[in-house]
Structures are given as C-alpha cells and as structure tokens.
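The values are calculated or read from the model by the stated rules, or taken from the named source; none is laboratory data. Because the structure is a prediction, the values reported are computed rather than measured. Note that we place each Cβ from the backbone using ideal geometry, even for glycine, and neighbour counts take in every protein chain shown. With ligands, DNA and RNA removed, areas are computed over all heavy atoms of the protein, side chains included. Shrake-Rupley method; radii C 1.70, N 1.55, O 1.52, S 1.80 Å.
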Amino acid sequence: MMCRKNSALVAIALGVAACASCAVVPDPNQAAVVSPPSREQFIMGGVNDFMERRCGALDCHGQIGRPLRIYGALGLRKTDPSMPGAERPTTATTDDEKIDNYLSAIDLEPEAIGYANATKGEYDDFLLLKKPLGLENEGVRHKGGPVLRVTGDPGFECLRSWIRGAVRTKDCQDATF
Ligand code: HEM
C-alpha cells in the first residue's frame, strides 16, 4: 500500500518537473518590432488601383465574405448598412474604400506582413504573396488561379516592393489593366 502511494507521488513530482522544464520563457530581446507596410504607398503608390483591377472583380475579391475583401468603383461598393436599399454609388472609389482595402490587405496576417516589412521582404511566406501565384508559380492553391508570376511580372513587383517598404509605382501602373 505505502509503496504504491510513494510511486504515485514520484510520478506526480516527475510530471511537475517535466512541465516546469518545458515552460520556456520567451526571450524579450528576440522580439522584432513589426509594423505594416505604408498606407500612403498603398493608396498613392498605385497598389490599391492594381488590386482593385486585378483582384477586385465581383466574382473574386469584390465580395463581402472574402477575408481579402476589395472595394472599388468597378466592383464592390461600400454602402451604408442603415440604408440597405440605397442605390449603388457611381462615384470613383472613395478614400474610405481605399483605406478599407489597405486594412483588408494588412489584417489578413498582420504579424507575417509586419515581419516581411521589418525584414525588407526577406520573409515572404504569407498568403498575400503566395495565393496569387497559385501552385503553378511557387505559391499555394488559389481558386482564382495563378494570377501573378514571381519573375518578370510588374503586378508581383508592385505588391512585393510595397511590402518591402519602397513601392515601385511604375510597376503598379503597368500591371493595372
Ligand atoms: C493579384 C490579385 C489577387 C490577390 C493578391 C489574391 C489573393 C488572395 C488571398 C490572399 C486569398 C486568401 C484570403 C481570401 O480567401 O480572401 C485568396 C483567396 C481566393 N481568391 Fe484571390 N487573389 C487575387 C486574385 C483573384 C482573382 C482574379 C480571383 C477570381 C478569379 C480570385 C479568387 C479567389 C477565391 C475564390 C479565393 C478563396 C478560395 C481560396 O482560398 O483559394 N482571386 N486570394
């Protein structure tokens, strides 16, 4: 009886010791300061216009349910929820809609895109870059297909340069069609 009790106590003690040893305290010095890529570059640098045209069609990212939801004058419009029957706006894409597009792009995987920005694009394994490549172009499965390529594609360069912190506006313009 006494022997069984001792072995149970020993087992519990070993269990506690094992748990204590795997509770690794994160090293605060290892933390990387991450911040999202620039909103100004997204809106003024041509990234928004590129995404409206190349990703924002109504059967693609111009849908309320898409995590990457893109508003635009030719696609989904931001309407006042308190006025459900209101007519579809015919104005150009509003600043509000462009800001929402920016937030949608950076809030998909905030840590990953922040880390990519902090490492100037050295880190690039996240959905905003990998999905539009599709499996065909070294990306991941994408129902929208291989919309972009890694090399020689101004559209991919537009997205990647923005994430790296220095948007290539000419590439964004060349890829907006
Ligand atoms: C350069 C333009 C594009 C980018 C950056 C892009 C990016 C993405 C990302 C990050 C996701 C995962 C988040 C989500 O589900 O919303 C996604 C999914 C999706 N995309 Fe796109 N996309 C692009 C173009 C398109 C186009 C043109 C279509 C339609 C022909 C499309 C259709 C879809 C669909 C249906 C999904 C959900 C299913 C899935 O995960 O594959 N996308 N895309």
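Numbers for the structure displayed
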{"read-out": "Cβ-Cβ under 7 Å pairs, at least 6 apart or on other chains, segment 112-128 side within 13 Å of Leu68 (Cβ to Cβ), far side open to solvent by less than 20 Å² (accessible area, probe 1.4 Å) and away from the ligand (no atom under 13 Å from the Cβ)", "value": "Ile113/Pro37; Phe126/Ala116"}
{"read-out": "Unmet criterion (only one of (1) of a type outside the set (A, V, I, L, M, F, W, C); (2) within 16 Å of the ligand (Cβ to nearest atom); (3) part of a loop (DSSP other than H, G, I, E, B)) for Gly155", "value": "(3)"}
{"read-out": "Unmet requirement for Glu52, which otherwise passes all of (1) of a type in the set (Asp, Glu); (2) modelled with pLDDT under 75; (3) under 23 Å from Ala166 (Cβ atoms)", "value": "(2)"}
{"read-out": "Considering residues of segment 104-128 that are under 17 Å from Arg164 (Cα atoms) and hydroxyl-bearing (Ser, Thr, Tyr) only, the residue surrounded by the most Cβ atoms within 10 Å (Cβ to Cβ)", "value": "Tyr115"}
{"read-out": "Qualifying residues in segment 155-175 (those that are out of contact with any Ser or Thr (no Cβ under 8 Å at 6 or more places or on another chain) and open to solvent by 40 Å² or more (accessible area, probe 1.4 Å)) - the one nearest to Gly45 (Cα to Cα)", "value": "Thr169"}
{"read-out": "Val140 vs. criteria open to solvent by 40 Å² or more (accessible area, probe 1.4 Å), within 17 Å of Arg53 (Cβ to Cβ) and within 11 Å of the ligand (Cβ to nearest atom)", "value": "no"}
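Let's see how each residue does on (1) within 13 Å of the chain's Cα centre (by Cα); (2) aromatic (Phe, Trp, Tyr); (3) modelled with pLDDT under 95; (4) within 23 Å of Gly165 (Cα to Cα):
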{"residue": "Lys78", "(1), (2), (3), (4)": "no, no, yes, no"}
{"residue": "Pro81", "(1), (2), (3), (4)": "no, no, yes, no"}
{"residue": "Thr94", "(1), (2), (3), (4)": "no, no, no, no"}
{"residue": "Lys130", "(1), (2), (3), (4)": "yes, no, no, yes"}
{"residue": "Leu133", "(1), (2), (3), (4)": "no, no, no, yes"}
{"residue": "Val140", "(1), (2), (3), (4)": "no, no, no, no"}
